[in-house]
1. Could you list, in sequence order, all residues of segment 165-194 that are open to solvent by 50 Å² or more (accessible area, probe 1.4 Å) and touching an Asp or Glu at 6+ places or on another chain (Cβ under 6 Å)?
2. Count, please, the residues in segment 217-248 that happen to be closer than 19 Å to Cys308 by Cα, modelled with pLDDT under 85, touching a helix residue (DSSP H, G or I) at 6+ places or on another chain (Cβ under 7 Å) and among the hydrophobic types (A, V, I, L, M, F, W, C).
3. All but one of (1) of a type in the set (Val, Ile, Thr); (2) closer than 28 Å to Gln138 by Cβ; (3) buried (at least 19 other Cβ atoms within 10 Å of the Cβ) hold for Thr39; state the number of the condition that does not hold.
4. Mind checking which residues of segment 5-30 are within 17 Å of the chain's Cα centre (by Cα), at pLDDT 85 or above and open to solvent by 10 Å² or more (accessible area, probe 1.4 Å)?
5. The conditions are (1) open to solvent by 30 Å² or more (accessible area, probe 1.4 Å); (2) over 21 Å from the mean Cα position of the chain (by Cα), and Ala104 fails exactly one of them. Which is it?
6. How about segment 142-164: which of its residues are surrounded by 16 or more Cβ atoms within 10 Å (Cβ to Cβ), closer than 15 Å to Pro118 by Cα and of a type outside the set (Val, Ile, Thr)?
7. Return only the number of the condition from (1) open to solvent by less than 50 Å² (accessible area, probe 1.4 Å); (2) assigned to a loop (DSSP other than H, G, I, E, B); (3) modelled with pLDDT of 85 or more; (4) of a type outside the set (S, T, N, Q) that Leu45 does not satisfy.
8. Give the residue, chosen from Gly129, Gly139, that is surrounded by fewer than 17 Cβ atoms within 10 Å (Cβ to Cβ) and touching a strand residue (DSSP E or B) at 6+ places or on another chain (Cβ under 8 Å).
Amino acid sequence: MRTNPFQPFYDNCNAGNSRAKFDNLPEFPRFVDIELTNTCNFRCLMCPTGNLSLTRPAGFMSEEIYKKIIDQLEPHKSALRFIQWGEPTLHPQFLEFVSMAKDAGLLTHLNTNGSKMPPDYIEEMIERGLDSIKFSFQGVDRKSYEEMRNTDFFDELVEVMRTFRDIRGDRPFPYLHASTSITYETKEQVREFRALMSDLVDSLTVGRTVFAYTDLNAVRLRPHEMEMLKMLKKEESVVKKHPECPEVYDKMSIHFDGSVTGCCHDANNMMQLGSLEEQSLSEIWHSDKLNEYREMLAQMRHDELPLCKDCYDYQGLQTPGLQDTD
């Protein structure tokens, strides 16, 4: 049975409450999320990139900024995740960037929609040493996937994952993970999805779709897309309970232009902390602004922060009031 190489990092991040994490702050972030691009080839209705409510300019991370990040992570051996508000494999240097991180001795993880992965690309990704990959779904079948993702790619994604599993073979890495979120899907549908995934990945996460960040007045959708979004938003079933936030105590999120934010949900730099053009990651990590956010979240004062007030425990499926998805 394979072990997720990132699990020790996640265990550390999730340990204890916010107050305890604030009082035991690491000298440097344990892992860093990097947005290689905020562009995507999908039009997912719940995503600010897909529904065109993203207000930042679109772009791709330069090699100069990426190298600056790697140079600062290398002494600390912080783990690196290619994630955020776009599809990382659209970056023309993605495979090269994986190699650069591995040469620096860093763990690497990719979140992907899986749409840009022919067999030769998969083989090269494995050869370059990617440690972990998560295939992102929404829904649990072709219909629910297409409703949320606004793209008919469910069956094709399953085949990509099957190909990836076969090419990996007996090699230990990358660790294969899939995640999805649901709205109205039944327990039986979720069970069927779990059965489908059981032979394709090493682990599966089923959570709840959160639409709290979706401003219907800001999205730019066609009429039929808007009607679908309204329907799905009406079906939202997340219990609105603020989580113990691991973000500001364990990790940092860096956008493609080198701007650093205090929140993984910050699509439009509402909680920007600084920029790598002017400061080091260490300086930003120990900045007064970030410490102010840490103190507020340690006191569970989510409602005083623009993004945190709409942040809910979408994975806490044992929370009373949430449907059981087992």
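The values are calculated or read from the model by the stated rules, or taken from the named source; none is laboratory data. Only a predicted model underlies this, so the values are computations on that prediction, with no experimental measurement involved. In this analysis, Cβ positions are derived from the backbone assuming ideal geometry, glycine residues included, and neighbour counts consider all displayed protein chains. Remember, those area values only see protein heavy atoms, side chains included, never the ligands or the DNA or RNA. Shrake-Rupley method; radii C 1.70, N 1.55, O 1.52, S 1.80 Å.
1. Those that are open to solvent by 50 Å² or more (accessible area, probe 1.4 Å) and touching an Asp or Glu at 6+ places or on another chain (Cβ under 6 Å): Phe173, Tyr184.
2. Total satisfying the criteria: 1.
3. (3)
4. Once the filter is applied, which keeps residues that are within 17 Å of the chain's Cα centre (by Cα), at pLDDT 85 or above and open to solvent by 10 Å² or more (accessible area, probe 1.4 Å), segment 5-30 yields Pro5, Arg30.
5. So the condition that Ala104 fails would be (1).
6. Phe153, Leu157, Met161, Phe164
7. (3)
8. None of the other options fit; the residue is Gly129.
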